[in-house]
Structure formats: structure tokens, C-alpha cells
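To keep things clear, I will list the structure first and then write my remarks on it.
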Amino acid sequence: MHTIWRWISAAGLFASLFVLVPGGCASTQGGAKDTPARGRGSIDARAGDEAFLHAFASTYRYTHGRPKAITVTPAGDAVLYLRSGPRSFVQDLYVFDVATGAQRVLLTADQLLGGQDEQLTAEELARRERMRMASRGIASFSLSEDGARILIPLSGRLFVYEREGGKITEIKSGGGFPIDPRFSRDGSLIASVRDGEVYVAQTDGAREWRVTSGAGGTVTHGLAEFVAQEEMSRFHGYWWSPDARRICYQRTDTAGLETFYIADPMNPAKEPDAWPYPRAGKQNADVQLGIVPTEGGETTWISWDRQAFPYVASVTWPKNAPLTVLVQNRTQTHQQLLAVDDRTGATSVLLEEKDPAWINIYESCPKWLADGSGFLWVTDSYGGGPGNDFPRLELRRKDGSLDRVVTPEGFRLYDLLSLDSKGRAAYVSHGPASPYTEVSRVSLDGGTEPVRLAGGQGQFGAVFADNHSVYVESAMTLSGEVSWTVKREPGRTAIGRLTSAAETPPFIPKPQLTTVEVSGREHHAAIIRPRSFSRSKTYPVVAMLYTGPGVTTVNANAMGYLLHQWLADQGFIVVAIDNRGTPRRGRAWERVIKNNLIDIALDDQAACILALGAAHPEMDTRRVGVSGWSFGGYFAAMAAMRRPDIFRCGVAGAPVCAWEDYDTHYTERYMGLPQDNPSGYAASNVLTYCKDLTVPLLIIHGTADDNVYFMHSLKMTEALFRAGKKFEFLPLAGLTHMVPDPAVTVRLQSRIASFLRENLR
């Protein structure tokens with residue numbers, strides 16, 4: 001669940017999946033207001049503007065045609081990116097020439113496949129699901145370290161494109177479908193995983209060979225296990241040595257794990273897909289790391305206390321520095337950064353952190369300086385008090401000891417973007433407040449204030465060349481701007497913009513970003529009113545929410561509120577609220593939910609709804625609905641069952657029902673082990689409250705969901721049925737946790753809107 005929202009704006013993705021609304025509790029006061037001077041706004045009886053829904057779905061939330069996977073070449077001479085047509089998932093590879101500003105199509109899938117259809121295996125489809133990728137055609141690419149070659153996996157085949165001359169070489173193989181193909185640093189070799197083993201091929205295609213052996217049954221080599229991909233955002237299971245003579249690889253054994261089966265109810269003759277799944281409190285995959293010569297041979301196993309630290313959170317093998325491994329204990333309250341002797345496999349501790357709640361993984365770190373004299377580290381587990389407990393960027397010496405804190409006190413750091421070792425600077429993502437994202441350069445040596453490269457009324461990002469001479473600034477703003485500008489650094493001089501083929505929506509949403517105070521706490525909120533809004537009327541309230549850890553729904557990006565605006569135009573006021581437990585507000589704000597995933601979110605959301613209603617009398621808090629997807633679906637079900645005084649109906653999409661049935665890494669981070677926290681698991685279990693449902697509830701779930709399995713909704717509906725409760729259940733045949741099918745999206749959103757209209761009259 002941690003990576004559901006990895007690739008796009010949270011608000012935009014929630015909107016694409018579902019209509020959402022706030023839930024909670026905190027106040028003993030009811031939601032009714034005396035509004036004699038106001039007329040009651042009528043809800044549009046139509047199903048809404050389906051023309052918009054068709055366009056919204058066909059354009060994949062108006063994101064088809066936007067530049068994606070933006071990569072600046074190491075020397076800063078070009079920008080490579082993927083782009084589809086405005087209504088297509090099929091992507092082509094484009095190039096922007098920095099010297100001239102010209103851009104063109106570099107390669108297409110048709111060119112590489114010669115017109116043949118693309119084929120994907122079940123394993124690759126599952127990997128793309130973990131990465132939340134729905135694209136086809138050229139879905140990914142990678143550059144050699146010198147930028148001379150491009151590696152493109154496509155339809156189970158590998159192609160190498162020479163940027164100088166345009167030569168295309170296919171890497172032939174007698175093995176299976178290649179997973180996670182990557183160049184060695186010198187670009188002379190390519191590794192990939194085929195049939196659970198690591199293979200290496202020469203870049204010219206002359207030879208390929210198998211490096212590891214012994215995989216089969218429950219054992220794989222070179223692949224990240226399920227929780228690493230789904231919850232740690234670690235998709236690699238092998239790593240090249242700097243000189244390309246050795247490979248560090250992961251050995252995974254899933255023996256003893258439960259096997260989950262996903263059948264196709266529409267095709268009962270089809271054999272179910274089977275996947276090992278680690279449920280909370282039960283066995284995890286056994287993960288080891290080994291180092292093997294690139295030509296094959298004996299493996300040197302890396303030694304650490306795997307029983308105490310079973311999770312491998314990250315691995316990096318930099319030049320001029322040791323192979324470095326970050327490991328965590330099962331409850332993620334204790335982690336060690338290990339330096340590996342790559343000849344013997346022995347390890348030493350560079351850095352150790354503990355946190356009584358949990359430790360967040362920052363995928364950008366450690367980032368070693370080019371000369372190996374130290375590394376950058378991001379942490380929020382350093383003991384800062386409330387108000388001064390934001391993540392901070394540290395410069396550590398090569399032995400792991402603290403050199404200095406790089407970011408100023410009180411700086412709202414989000415993450416490290418890039419390290420300029422030569423210029424002794426780091427580029428970071430941060431914000432003045434959680435809805436906003438800025439990019440700044442900070443000196444590693446101190447003495448100067450951070451220099452802002454990008455910021456303002458929106459969310460900004462940047463991708464840099466290795467030499468930091470050129471970068472691409474992304475901007476998504478409250479005014480509706482969506483752009484990618486190529487700039488020179490230093491000076492931030494604009495060279496040109498990457499072209500987008502995305503269609504223009506028929507309207508630009510106008511979210512009002514505001515704050516609401518509850519019990520002395522300031523919560524961020526977004527309010528989206530109908531474009532025909534009249535202050536003489538009151539409107540029912542629909543909030544699009546998530547409420548869970550790791551995600552904010554209040555973001556300074558107007559285009560993330562397209563579906564919110566569509567719903568509002570039918571006669572609702574749509575709101576989004578960020579409760580405690582969400583990120584970007586400091587450690588204390590985020591960690592307060594430890595051991596109970598629902599009570600605080602319910603308290604905050606309900607109290608904020610009432611406070612917003614008091615401040616904005618056009619909001620009729622006697623007519624509030626709640627709806628969400630994934631964690632938001634879980635919250636919606638809980639809100640409908642536990643706070644019907646606030647929430648008059650609920651829509652629960654792909655909801656987690658019992659946390660004992662969700663995966664180990666996500667669940668135990670926030671809840672601990674079930675055997676250690678039985679009361680918290682019971683309080684956070686939807687089944688505990690099914691007997692209390694008194695308001696309309698619509699439950700929706702894809703039958704092929706391999707993130708939140710279909711069994712969650714089945715358990716809920718069975719408990720509701722046995723308790724004699726009325727509810728509606730909409731199974732989505734054959735769909736997973738994502739809903740990319742345009743036809744389904746149109747019908748799904750229409751159904752949700754109709755449900756809300758019927759129950760919030």
C-alpha cells in the first residue's frame with residue numbers, strides 16, 4: 001500500500017479511482033446548523049456530465065501525453081523522456097537536444113518489434129502492478145553511465161540503442177523473460193533476471209551466460225521480494241560492482257509462506273494465479289545477500305544478524321566507497337547501515353538508528369560523495385521535539401559519524417533529490433507547508449542560506465544531469481499549469497520546454513486551500529465548490545480522502561482535483577482534509593497513530609468537518625458522505641459504521657478489512673505484531689463494527705486485486721449479511737488494485753455519484 005501513490009499526485013490518483021469524503025469523530029456536537037437565510041441547494045438529478053467522464057477516463061485523468069520517466073544525460077547534452085498519445089497507453093521514447101532546443105521521437109515500439117504485438121508475462125505484469133505502471137509500448141529505459149547507450153526492455157526482449165549513429169542491437173537469449181535489465185557502469189555488460197537466475201550479456205550481443213545457480217521452487221536469485229517492492233519501493237534484487245567484475249544479488253526463499261490464489265470468476269476453467277503472501281504476524285520470505293563473480297563461480301555470502309534484522313531496505317555499491325546495506329528489524333524500530341567487506345562478506349556498522357514508533361525509509365540515501373569521504377543521510381528519528389522534528393539532511397563521515405547537519409533548523413525537508421560532490425551541494429525537495437513542494441540547493445559546508453531553484457503556489461520538482469549543468473524543472477500549480485522546463489544551472493536559465501500531447505480539460509478546478517483549527521492543531525484542507533456556486537444556498541458535503549500514513553490529499557496542484565470539481569458541479573461541496581498520521585508535518589504528527597490506524601483519523605476528520613462547516617455556512621454538515629479507495633476505502637467503511645452522526649453514507653473501494661490479512665511490512669510498521677497488540681488490531685478491524693452499520697454503504701473491489709485481496713470485501717460483506725445489515729456490493733470482474741479501463745472508470749464514477757446523490761438529498 002505504501003507505493004500505491006508513488007508515481008502521481010495523491011489527489012489525482014484518488015480521484016481516478018474513487019470519489020472520497022471525510023470521516024471521523026471528536027466533537028460531541030451534531031453537524032446540524034440553523035440556516036434560515038439560506039436555501040437548500042438541490043443536487044443535479046442527472047448522472048453528471050458523462051462526456052467529461054469519458055474524456056477523463058480515456059485520457060487517464062488527462063495524464064496521457066505528458067512527458068514521463070524524464071532523464072537528463074550525464075553530460076547534460078540531452079533530455080530523454082517517454083510520451084504517449086493523448087488517449088493511448090503506448091509510449092514512445094523522445095529526445096530533447098539541449099544545444100538546439102529541438103525535440104523528436106527517438107524510438108517507437110513498432111520500430112523495435114517490427115509491428116509484432118507486445119507480449120508480457122504474469123511476472124512482469126505483477127511487477128508493473130507493484131510499480132503502478134499501466135503503460136505499454138516503451139514502458140521503461142535506462143542509460144549507460146557515460147550516456148552513450150540506451151537499454152530498452154520490450155515484450156520480453158532487450159534492445160541496445162547507440163545514441164551516436166543510431167545502431168540497434170537485440171540481446172538474444174535462450175533464457176526466459178528478462179526482468180530488471182541494467183547496464184554495468186562501464187556500459188559493456190547487461191544483467192537481468194531470467195527464470196529466477198541472474199544472467200549477464202555483452203552489450204554487443206555476442207554472448208550471454210548465467211551467473212547464479214540453484215534457483216527453483218521457492219527460491220529465486222536477483223529479485224526483490226513482495227514486501228520490498230510493495231512497501232519499501234525497492235525494485236532491484238541485484239547490484240553491479242563499480243568495476244563490473246562482481247554482482248551482489250539477493251537470494252529469496254518463500255518456503256513456509258502462505259500461498260494466495262487469485263482465480264478468474266468469469267472464467268472458472270482458468271487455473272488460478274498463485275503468489276506467496278506474508279500476512280501480518282506470520283512468516284516472511286527469507287532474504288540473503290551474496291557476491292558472485294560476473295563470470296560465475298562461488299558466492300561469498302554477506303553476514304549480518306539476519307534474525308534480528310530480516311529486512312533489506314536498500315543496497316548501494318558506489319565508487320570509492322564500500323558496498324553499503326541498510327537492514328531493519330521486523331517492527332522497523334531499529335535499523336543498521338552496514339559497510340560490507342566485499343571480499344569476505346563481513347560487515348561493520350556505519351550507522352544505527354532506533355525509534356519507538358517506526359523508522360521511515362528514505363530511498364535516496366545513503367548518497368556517497370564521489371571521493372568516498374562521506375555520505376548524505378536523511379533522518380527524522382534524531383529526537384527533535386514537536387515543531388522541530390522534520391526530517392533533516394546530515395553529512396556523515398566515511399566511518400558513519402556525524403560531520404554536520406546540512407539543513408537549517410526548522411527546515412521542512414521532504415527528501416534528497418541529487419548530490420553535487422564537486423560543487424559541495426545537495427539539491428533537496430522541501431516546502432513551506434505540506435501542500436507545497438519547492439526545490440532548493442543547500443551547501444554541504446554551511447555558511448549560506450538555501451538557494452531556491454523552484455517554488456511558489458504549486459508543487460515543483462527537478463531532475464538533474466550528473467554534472468548538474470542542466471536540469472528539468474517540473475511544475476504543477478494551483479493555477480492549473482503543468483510544465484517541464486529544461487534549465488541551465490547555475491543561473492536557472494530556461495532553454496525550452498518538453499512538449500506535451502495531453503488534452504486540455506474543459507475546466508480548471510479552483511480548489512481553495514485553507515486551514516482549520518481543531519483542539520489547538522492546524523489541519524490543511526481543500527474546498528472545491530460548484531462552478532455555479534451560490535452563497536444563498538447550502539450544499540451537501542463530499543470529501544475525497546485517504547487518511548492513511550504516507551500520503552497527503554491536500555496538494556497545491558489544481559489538476560489533481562478534476563474529479564472533485566466534476567462531482568462538485570453536480571451540487572456538492574467537495575473537501576479533502578489531512579489528519580494526523582499523514583506525512584510532511586513532522587515526526588510527532590506522523591507517529592501519533594502508532595498501534596491504532598483508525599481512532600485518531602476518525603477524530604480528526606469528524607472534528608475538521610464540523611469546524612469547516614462552522615466557518616463556511618454554505619456547507620450542510622447534516623448531509624455528509626464518505627468515500628475512498630484502498631486505505632481510504634477502509635476509512636470510509638469505518639466512518640460509516642462508527643460515526644453515522646456525521647457521515648450519512650459511505651463508499652468503500654478496495655478496503656482493507658482486517659489488518660491481520662494485510663502484509664507484514666506495511667501493517668507491522670504501524671501496528672506492531674498482532675500477538676503484541678491484540679487490542680489495537682481489534683479496534684482497527686472493520687469486522688468489529690459491522691454490527692453497528694446504520695447508514696447506506698457501497699463496497700467496491702476488483703476480483704483480481706493482489707494488493708488488497710478480494711477476500712477483504714468478502715469478509716466484510718459476510719459479516720454485514722450475518723448481522724442483518726443492508727449494503728451494496730459491486731465486484732469489478734478481473735480488475736486489480738488499479739482501474740485503468742476507461743469503460744469501467746466511466747461506469748464506476750457514475751455509479752458512485754448516483755449513490756451519493758441518492759443518499760445525500
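For region 415-436, which positions are within 26 Å of W589 (Cβ to Cβ) and part of a loop (DSSP other than H, G, I, E, B)?
G431, P432, A433, S434, P435, Y436
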* Residues that are surrounded by 17 or more Cβ atoms within 10 Å (Cβ to Cβ) and within 24 Å of the chain's Cα centre (by Cα): which strands (runs of 3 or more DSSP E) entirely in region 479-530 hold 1 or more of them? -> 482-488, 512-518, 521-528
* Report, by residue number, each residue of region 389-414 that is at positive phi and either among the β-branched types (V, I, T) or in a strand (DSSP E or B) (or both). => none
* Out of the residues in region 209-225 that are among the hydrophobic types (A, V, I, L, M, F, W, C) and outside any loop (DSSP other than H, G, I, E, B), which is surrounded by the most Cβ atoms within 10 Å (Cβ to Cβ)? -> V219
* **Exclusive hit being over 27 Å from A370 (Cα atoms) and either part of a strand (DSSP E or B) or hydroxyl-bearing (S, T, Y) (or both), set A191, A206, A201, A228** => A201
* What number of residues in region 474-503 are touching a residue at least 24 places away in the same chain (Cβ under 8 Å) and within 18 Å of A558 (Cβ to Cβ)? -> 11
* Asked: When the residues of region 738-748 are filtered to those that are modelled with pLDDT of 90 or more and under 15 Å from A654 (Cβ atoms), which remaining residue is surrounded by the fewest Cβ atoms within 10 Å (Cβ to Cβ)?
  -> V744
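Which residues, counting only those in region 236-265, are assigned to a loop (DSSP other than H, G, I, E, B) and crowded, with 16+ Cβ neighbours inside 10 Å? Break it down into steps so the answer makes sense when it comes.
Start the filter on region 236-265 by keeping residues that are assigned to a loop (DSSP other than H, G, I, E, B), which leaves 236-237, 241-245, 254-257, 263-265.
Passing the criteria: H236, G237, S241, P242, A244, T254, L257.
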* Being surrounded by fewer than 20 Cβ atoms within 10 Å (Cβ to Cβ), under 22 Å from R492 (Cβ atoms) and of a type in the set (A, V, I, L, M, F, W, C) is the filter here, so list the residues in region 71-113 that pass it. => A75, A99, A102
* To do: Could you tell me which of the residues N707, N685, N759 is over 18 Å from F631 (Cα atoms) and surrounded by 16 or more Cβ atoms within 10 Å (Cβ to Cβ)?
  => N759
* Can you name every residue in region 336-350 that is in contact with a Ser or Thr (Cβ under 9 Å, 6 or more places away or on another chain) and either of a type outside the set (S, T, N, Q) or assigned to a strand (DSSP E or B) (or both)? -> Q336, L337, L338, A339, V340, D341, D342, R343, G345, A346, T347, L350
* Structure fact -> Checked against (1) closer than 25 Å to T169 by Cα; (2) at pLDDT 75 or above; (3) not in a loop (DSSP other than H, G, I, E, B), P74 satisfies every condition except (3)
* Asked: Residues of region 150-184 being in contact with a Pro (Cβ under 9 Å, 6 or more places away or on another chain), at pLDDT 95 or above and among the charged types (D, E, K, R), which ones?
  -> D180
* Being in a helix (DSSP H, G or I) and of a type in the set (D, E) is the filter; apply it to region 654-692 and report the residue that is farthest from G632 (Cα to Cα). => D676
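Look through region 295-314, keep the residues that are in contact with a Leu (Cβ under 7 Å, 6 or more places away or on another chain) and touching a residue at least 60 places away in the same chain (Cβ under 8 Å), and return whichever of them is surrounded by the most Cβ atoms within 10 Å (Cβ to Cβ).
V312
The values are calculated or read from the model by the stated rules, or taken from the named source; none is laboratory data. Note that the coordinates shown come from a computational prediction; the quantities given were computed from them, not determined experimentally. All Cβ positions, glycine included, derive from the backbone under ideal geometry; neighbour counts span all protein chains shown.
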